[in-house]
Every structure is written in C-alpha cells, then in structure tokens.
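Q: A single structure is presented below for examination.
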Amino acid sequence: ISQPPHLHLAEVTASQFLDIWKHFDTDGNGYIEGKELENFFRELESARRGAGVDPTNPTFREKMKEFMQKFDKNKDGRIEMSELAQILPTEENFLLCFRQFVSSSAEFMAAWRRYDTDRSGYIEANELKGFLSDLLQKANRHYDDQKLQEYTQTILRMFDLNGDGKLGLSEMARLLPVQENFLLKFQGVKLTTEEFNAIFTYYDKDGNGYIDEQELDALLRDLYQTNKKEMDVKNLTGYKQSIMSLSDGGKLYRGELEIVLCREPIV
C-alpha cells in the first residue's frame, strides 16, 4: 500500500483530511471498517509513536478497543466520516463547516431549501460556496477566499459520487450522522415516479399541489406498512420534521417530497 498521508501532522487541512479518508476507505462504501480499520489504527499508532506497531500483539487489540470506545460514537464497530473528523486534528474552520452541515437532518433540509436556489434538486458548486461562506460568517470565523474554495472543492469531492460537479440531496445526506440520516432509512422504500405520483395525488385530496403535516404523517405510515418496515413512532416524528423543513410554511410541494422519496429527481 502507498504510504498513508498526513497522519503525523499537527493540523490536517480539508483536502488532507479527504486524502486520508480515501486512503483508508479502500472500497469507497463510506466507512472505515474491518481490515481497513485495523490498517488505519496501525498507521495512526505508528505515526503518533514514530515507530512500527505489531498488530498481533495483544496490547494492540486492547488499545484498538479503547480507541473505538472513545471515537465510535454510534457504536456500529466502524468509523464514518464525521467520526474521523473527531479523531484527526482537523482544521477548525473546515470542521465547523462540516459539522454544521451535518448537525441534524431538519437543519440540513432547511439549509438545502435555502441554497438549492433554482429548485433543481441539486446544489451546484457556487451554491455550495455560498452555503459554507454563510456558515463561517455566522460563526464569526475568519477565513479567506482561497480556503473557502478549498472547503467547497473538498466537500464536492467527498460527496459528489457521480462526478457531475454538483450535489444531489442523497449525496449530501451522506454528511449526516447515521442516526440522523433519515434518507438512508428510506433506501428500501424508493418509489418510481408513477408510484410517487399516485401516492401524492391520493394524499393531496384537494388537488392543490401540496400536502400538510397531517397528510404527510398518513403518507409515511402508509409507506412503511406497504414496505413492511418496522415503524417506530419516535422515528416517524423525526422524519416528519426533517421532511417538513423542506416545506414552504407548512406546505410540502410535490417536487420537494419527490427529492426524498424517488430514485431520481425528474429533470
């Protein structure tokens, strides 16, 4: 394997953070797990101690266990990107962007609405840059345009899975901590356009092109029953709030809900 990058640094920049991530998440599934995790921990220990580490040594296992107890916040036995950001001494401003970006799905959806200015179901690079610049200003952080450019490019490289230079909502949702990521919960429930239209029309009883929170509630319960998924009422409330934050003053329009429930936004 090529020499792992930047692990010895006192501070890791946005693009170095991504290099490290890509180096260890070898299968690109969004987690450092299994063998990848062992490699990561071994390299991290070596970099920090400036000497080789023997993974067969029992103390190595012990240390790795302690390490995971400390950093694997959702206890799923693997490291995701937001957890890696806690482990590495990552540049503060970038971390802030990253965390704010991913703090909760309701905020995330509300931000999405604000920045997907052309309602395309995508955030283009210039829209993303506006988003990050607002974040940093809100937090009274000092930054320069070059850094902002780097953050924008890094987040694009992180999450633009199909390389089209813009982020789709489902790509963006990979930024959310797993327990917040209600879009992942819907992965087994993706609808075709026809199914979606039929359901939306059914719940939009008065045919005015949007549904309200009560109607959304019924629609989600319906979806879960049809897909025989276990429905936890607490979760339902959470999803509902997240989806409703896409709405326009309590009116959830067809296009917005479609972004969440359909495979591909209709172009």
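Q: Restricting the first residue to the range 138-162 and requiring it to be assigned to a loop (DSSP other than H, G, I, E, B), which pairs with a second residue that is acidic (D, E) and buried (at least 18 other Cβ atoms within 10 Å of the Cβ) meet a Cβ separation below 6 Å and a spacing of at least six or different chains?
A: Qualifying pairs under 6 Å: L161/E171.
Q: Okay, next question. If S104 meets every condition in (1) within 19 Å of T13 (Cβ to Cβ); (2) modelled with pLDDT under 90 apart from one, which number is that one?
A: S104 satisfies every listed condition except (1).
Q: Would you confirm whether any residue within the range 45-61 is closer than 18 Å to F17 by Cβ and modelled with pLDDT of 85 or more?
A: Yes, there is a match, as at least one residue in the range 45-61 is closer than 18 Å to F17 by Cβ and modelled with pLDDT of 85 or more.
Q: Inspect the range 67-80 for any residue being closer than 22 Å to M158 by Cβ, among the aliphatic types (A, V, I, L, M), in a helix (DSSP H, G or I) and open to solvent by less than 50 Å² (accessible area, probe 1.4 Å) and give the result as yes or no.
A: The answer is no; no qualifying residue exists.
Q: Looking only at the range 128-154, filter to residues that are loosely packed, with under 13 Cβ neighbours inside 10 Å and under 20 Å from T117 (Cα atoms); which one of those is modelled with the lowest pLDDT?
A: Result: K138.
Q: With (1) part of a helix (DSSP H, G or I); (2) in contact with a strand residue (DSSP E or B) (Cβ under 7 Å, 6 or more places away or on another chain) as the list, and H6 as the residue in question, which single condition is left unmet?
A: Unmet for H6, out of (1) part of a helix (DSSP H, G or I); (2) in contact with a strand residue (DSSP E or B) (Cβ under 7 Å, 6 or more places away or on another chain): (1).
Q: So is K205 in a loop (DSSP other than H, G, I, E, B), open to solvent by 30 Å² or more (accessible area, probe 1.4 Å), over 30 Å from V12 (Cβ atoms) and modelled with pLDDT of 70 or more or not?
A: yes
Q: On to the next question. Among residues belonging to the range 2-56 that are among the hydroxyl-bearing types (S, T, Y) and within 24 Å of the chain's Cα centre (by Cα), point out the one that is surrounded by the most Cβ atoms within 10 Å (Cβ to Cβ).
A: Among those that are among the hydroxyl-bearing types (S, T, Y) and within 24 Å of the chain's Cα centre (by Cα), it is Y31.
The values are calculated or read from the model by the stated rules, or taken from the named source; none is laboratory data. Model, not experiment: these values are computed from the prediction. Virtual Cβ from ideal backbone geometry, glycine too; neighbours counted across all protein chains shown. Each accessible area value is taken on the protein alone, full model and side chains, heavy atoms only, with ligands, DNA and RNA left out. Shrake-Rupley method; radii C 1.70, N 1.55, O 1.52, S 1.80 Å.
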